[in-house]
Amino acid sequence: MKKLLLLQALLFLCLEAGAQLNVTTLRTSGLENPRGIDPETVNLSWILETTRRATFQQAYELTLKSGSKTVWRSGKVESDNSVHVPLGVSLQPSMDYTWTVKVWDNHGQVSKPVSASFSTALAPGAWKAAWIGTDTGDRKICPAPIYFRKTVKPTGSVKRAVAYVTSRGIYELRIDGSRVGDDYLTPGWTAYQKTLQYQTYDVTAMLRRGKSQIGVLVCPGWYGSGMGWGAPGDRQRYGGELGLLLQLEIGYAGGRKETIVTGPDWEMSRKGPVTDATYYDGETIDKTASFSWEPAQLLPAVKASLVPSIAEPVRVRQVVPPVRAFVTPKGEKVIDFGQNLVGWEKVRIKGSKGQVVKISHAEVLDKDGNFYTANMRAAKVLSTFILSGGADEFEPCHTFYGFRYIRVEGVEGELNPSDFSAVVADSGFETVGDFNSSNPLINQLQSNIYWGFRGNFVDIPTDCPTRERHGWTGDAQIFFETASYLFDYAAFSQKYL
């Protein structure tokens, strides 16, 4: 027995001696390697990891660099704080930074330095771009999607190129046809009459190929979809126009800089593949459509403050395959994804040119097993696809739906489940807690909570992702405490508040 205790003691000492102190989960203002954040509000956070018990941080040291130049060093700071640690230096706008942290623990161990990066936003008075777009002239009319384009040709070796973008509506930015970033539904929902967010993208690699075409699609989104109560014609809360504001800052080798901005030298088209996209009714994509380009129109500047994004963007988090395809008692062709989720469908279809395929969305079936949408009330939640005549792929990502089932109309013969998938999109959070038990019913409840969180945290916390989609404060204040046990949503809630 004494030998066993001695062996256990030796093993414990070996484990303690071999325990490493690591620093992980570096966050800048609550975000991982963010771009374009407010230089006035930057703070740093990190987490200590070790196998040794009763370990805590005793001191830290921070180093801030811009390129290879050290711009600030904290020195060794005696503190156990590792959350929202402020920087001790003023930051420059439109600048790339890297920060490094090293910590000491109460056992005398020192961690290896680890680093993270971020960039700062434009200075408030640095916007030179003009608003371009269209105005229906009537706030009771939902504006149609609009396309913008401009060809740019860098005049030297591009060292750094950064695009700052926002819109009245939601935008999708592409360069030479390739999507810029992996954010969706940008610039997000704010009180547009007061604040309007913009995003920052490093497009250096995309502009190093020489002449490039910038293309932007702007859809109504929260700004122009006619959200809220009242008659359909009285739901335009913000305006009847769609607009784009883009500023591209290019830095060349040698220090020369060039700024490209939206203005009357851009082109716009009121026609294009996406002909309709609203949050209640859904999206229409016409693969037979062509563009009709004309000089871009100037719009009046917004009165709202332009502010950098401060929260996690909406991104694709998961792609869910169907679990079955079946025909309901009414003869409806239905795909079941096996899980109530929020996002949109992705579809491969081959048919004749001009053929119309309609996809409706539902959360449940009725008691007879038929497709059920009565709970959607006036929301159509309908995707309409017009085929090109070849092999088409559709992804209506300029809206979102809450659904488990989709009904497919306009396709002859049996459905091939492999042609369909569900794209799950939400604001995305790092998981900080989970729960599992021996009771399947309790585990299902936990799963429902988890999926309910993801489905209702799409840029703002909502009551439902189907017929209302509003950020009622009652729903949020009831759920926020539960949410804090599941995900790190600090930046999300700050933006919402």
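Modelled spin-label separation between residue 191 and residue 38, with each label point placed 7 Å from Cα along the Cα-to-Cβ direction: 1.4 nm. In the list (1) 20, 49, 26, 5, 0; (2) 19, 42, 27, 12, 0; (3) 25, 58, 17, 1, the label attached to P(r) over Cα pairs in 20 Å bins from 0, in percent as derived from the coordinates here is (1).
To the nearest 500 deg cm²/dmol, what mean residue ellipticity at 222 nm is calculated for the chain from DSSP H runs of n ≥ 4 alone, each contributing -39,500 (n - 2.57), summed and divided by the residues?
That calculation yields -3500 deg cm²/dmol at 222 nm.
Tell me the relative contact order for the range 308-393 as a rounded percent, counting alpha carbon contacts under 8 Å between residues six or more apart. Can you show the working numbers first?
Details: 103 pairs, mean separation 26.1, N = 86.
It comes to 30 percent, rounded to a whole number.
Between the range 98-144 and the range 33-73, the alpha-carbon centres lie 17 Å apart. The relative contact order of the range 195-307 comes to 26 percent, based on Cα pairs under 8 Å that sit 6 or more residues apart. Please work out the average accessible area per residue across the chain, using the 1.4 Å probe convention, and give it in Å². That works out to 48 Å² per residue. Selection among 320, 302, 275 by position relative to the dipole of the range 256-389 gives 320 as farthest towards the positive end (Cβ unit charges, Cα centre).
Restricting the chymotrypsin sites (Phe, Trp or Tyr not before Pro) of the range 220-279 to loop positions (DSSP other than H, G, I, E, B) with no more than 15 neighbouring Cβ atoms within 10 Å leaves 229. Summing +1 for each Lys or Arg and -1 for each Asp or Glu among the other residues whose beta-carbon sits under 15 angstrom from that of residue 492 gives -4.
Counting only residues at least eight positions apart within a chain, or on another chain, the aspartates and glutamates with an alpha carbon under 15 Å from that of residue 350 are 286, 392, 393, 395, 409, 412, 414, 419. When you filter the trypsin sites (Lys or Arg not before Pro) in the range 211-298 for DSSP loop state and at most 10 other Cβ atoms inside 10 Å of their Cβ, you are left with 211.
Centroid-to-centroid, using Cα positions, the range 200-252 and the range 423-497 are 27 Å apart. Ligands, DNA and RNA left out, the accessible area of the chain computed with a 1.4 Å probe is 52% carbon and sulfur. Between the residues 478, 460, 403, the greatest Cα displacement towards the positive end of the dipole of the range 383-497, with unit charges on the Cβ of Lys, Arg, Asp and Glu, is found for 478. Backbone phi angles across the range 148-164, fed through the Karplus curve with coefficients 6.51, -1.76 and 1.60 (θ = phi - 60°), yield HN-Hα couplings of 10, 7, 7, 8, 10, 9, x, 9, x, 7, 6, 9, 7, 9, 10, 9, 10 Hz in residue order; Gly and Pro are listed as x. Each Lys or Arg adds one and each Asp or Glu subtracts one; over the other residues with Cβ under 14 Å from the Cβ of residue 241, this totals +4.
Treating only the Cβ atoms of Lys and Arg (+1) and Asp and Glu (-1) as charged, compute the dipole magnitude of the chain about its Cα centre; round to the nearest 20 debye. Show your work: numbers first, answer last.
Values: 54 positive and 51 negative charges, 233 e Å.
Here the chain has a charge dipole of around 1120 debye.
Each label was represented as a point 7 Å from its Cα along the Cα-to-Cβ direction; for residue 481 and residue 324 these points are 4.1 nm apart.
Out of 228, 359, 110, whose Cα points farthest toward the positive end of the dipole of the chain (charges: +1 Lys, Arg; -1 Asp, Glu; placed on Cβ)? Toward the positive end, the furthest listed residue is 110.
The values are calculated or read from the model by the stated rules, or taken from the named source; none is laboratory data. The model shown is predicted, which means the values in this text are computed figures rather than measured ones. Counting neighbours? That spans all protein chains shown, and the Cβs are built from the backbone with ideal geometry, glycine included. SASA here: full protein model, heavy atoms, side chains in, ligands and nucleic acids out. Shrake-Rupley method; radii C 1.70, N 1.55, O 1.52, S 1.80 Å.
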